[in-house]
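K.L.:
The following block contains the structure, expressed as structure tokens.
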């Protein structure tokens with residue numbers, strides 16, 4: 001009888017490829033952040049606010065088509081539920097001449113227009129939103145450290161999880177900067193969602209690592225971590241795929257106003273799933289190896305390619321020797 005060799009994915013053994021891929025994404029993003037910056041929307045930079053009453057009821061798509069003629073297709077357009085003809089438009093700063101041409105185009109297209117309000121929103125609101133966003137993210141990261149330290153009774157798990165969170169935030173910010181995607185007030189919700197999803201996936205893997213360690217399996221620590229990742233890998237990939245399907249529907253069918261929000265959520269789920277498997281858990285192994293070297297012990301080698309096997313346990317007492325009397 002020929003025994004088939006069991007192949008095991010050596011994720012931990014090839015963890016440096018994961019580090020390299022992360023750097024290839026993060027470094028260009030950081031360069032873009034310092035060179036081109038982030039495309040802040042009017043919620044952060046200020047802009048023009050128009051409150052108008054049209055001559056007839058018009059859909060948001062029709063109004064957006066008029067705004068696109070002036071190069072402002074991404075304007076925030078809100079329609080009153082009580083008075084459908086009343087429209088609130090928020091867009092980038094417009095001078096008086098552009099505002100006059102825009103209102104004239106709306107008047108011609110929709111059979112009349114009454115200008116109720118036209119004012120410029122200052123950047124003060126943007127500074128407040130920006131400060132609140134930074135505060136919310138920092139507080140979230142600190143609370144994650146406290147929770148994970150208490151949950152696993154180890155600061156190693158907490159610090160490596162937060163490094164993975166910082167990785168996810170840098171990826172999201174960098175790709176927003178590289179693609180020029182506009183950042184509005186919903187971006188704060190995107191960042192907090194990224195933190196929540198990433199730490200949830202990381203905690204699931206860490207919890208499985210802790211359970212594997214409690215089984216007293218005789219195997220090197222990197223091998224135990226690799227085994228734990230493979231055991232929860234189907235769950236992580238299935239959850240991420242299901243979330244991406246729902247977000248893809250929002251991105252393609254939810255309209256222009258939800259597209260940037262769905263883009264950020266999808267990006268956060270992708271990088272959150274990736275970092276839980278290829279950043280947080282490998283960093284836990286790196287910390288373990290560093291502690292072993294510091295203590296003067298040789299770090300345990302990466303897995304040799306087979307799954308960990310429990311140590312053999314004797315089934316009962318061995319045979320007793322008796323001395324024959326002569």
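K.L.:
If I compute Cα Rg over 2.2 N^0.38 Å from the structure I just sent, which labelled value in (1) 2.10; (2) 1.43; (3) 1.00 lines up?
P.N.:
Read-out from the structure maps to (2).
K.L.:
Fewest first, what order do 150, 9 take by the number of other Cβ atoms within 10 Å?
P.N.:
Neighbour counts put them in this order, fewest first: 150, 9.
K.L.:
What angle do you read, to the nearest 10 degrees and between 0 and 90, between the alpha-carbon axis of helix 256-275 and the longest principal axis of the chain?
P.N.:
10 degrees
K.L.:
Using a simple spin-label model with points 7 Å from Cα along the Cα→Cβ vector, what separation in nm is obtained for residue 154 and residue 19?
P.N.:
About 1.9 nm separates the two model spin labels.
K.L.:
Defining a contact as two alpha carbons under 8 Å apart and six or more residues distant in sequence, what relative contact order in percent does region 47-121 show?
P.N.:
Values: 129 pairs, mean separation 38.4, N = 75.
Across region 47-121, relative contact order equals 51 percent.
K.L.:
Relative contact order, percent, of the chain when contacts are C-alpha pairs under 8 Å separated by at least 6 residues?
P.N.:
Details: 427 pairs, mean separation 77.9, N = 326.
Result for the chain is 24 percent.
K.L.:
Given the Cα-Cα distance of residue 257 and residue 231 and 0.36 nm per residue of separation, how much length would full extension add, in nm?
P.N.:
That pair, residue 257 and residue 231, stretches by 5.4 nm at full extension.
K.L.:
While we're on this one: What spacing in nm lies between the two simple spin-label points modelled at residue 27 and residue 132, each 7 Å away from Cα in the Cβ direction?
P.N.:
3.8 nm
K.L.:
Against the longest principal axis of the chain, how steep is helix 186-214, in degrees 0 to 90 to the nearest 10, with axes from Cα atoms?
P.N.:
Tilt of helix 186-214: around 10 degrees.
K.L.:
Of the beta bridges DSSP finds with both residues in the chain, what % are antiparallel, to the nearest 5?
P.N.:
Bridges in the chain that DSSP calls antiparallel: roughly 95 percent.
K.L.:
Determine the calculated [θ] at 222 nm for the chain from helices alone, applying -39500 (n - 2.57) to every DSSP H run no shorter than 4 residues and normalising by the residue count; nearest 500 deg cm²/dmol.
P.N.:
That calculation yields -21000 deg cm²/dmol at 222 nm.
K.L.:
Helix 15-35 versus the longest principal axis of the chain: what angle, 0 to 90°, nearest 10, using Cα atoms?
P.N.:
Taking the Cα atoms of the chain, the angle to 15-35 is about 20 degrees.
Any read-out appearing in this document is the output of simple, stated calculations on the displayed coordinates, not a laboratory observation. All values derive from a computational prediction rather than experimental measurement. We place every Cβ from the backbone using ideal geometry, glycine too, and count neighbours over all the protein chains shown.
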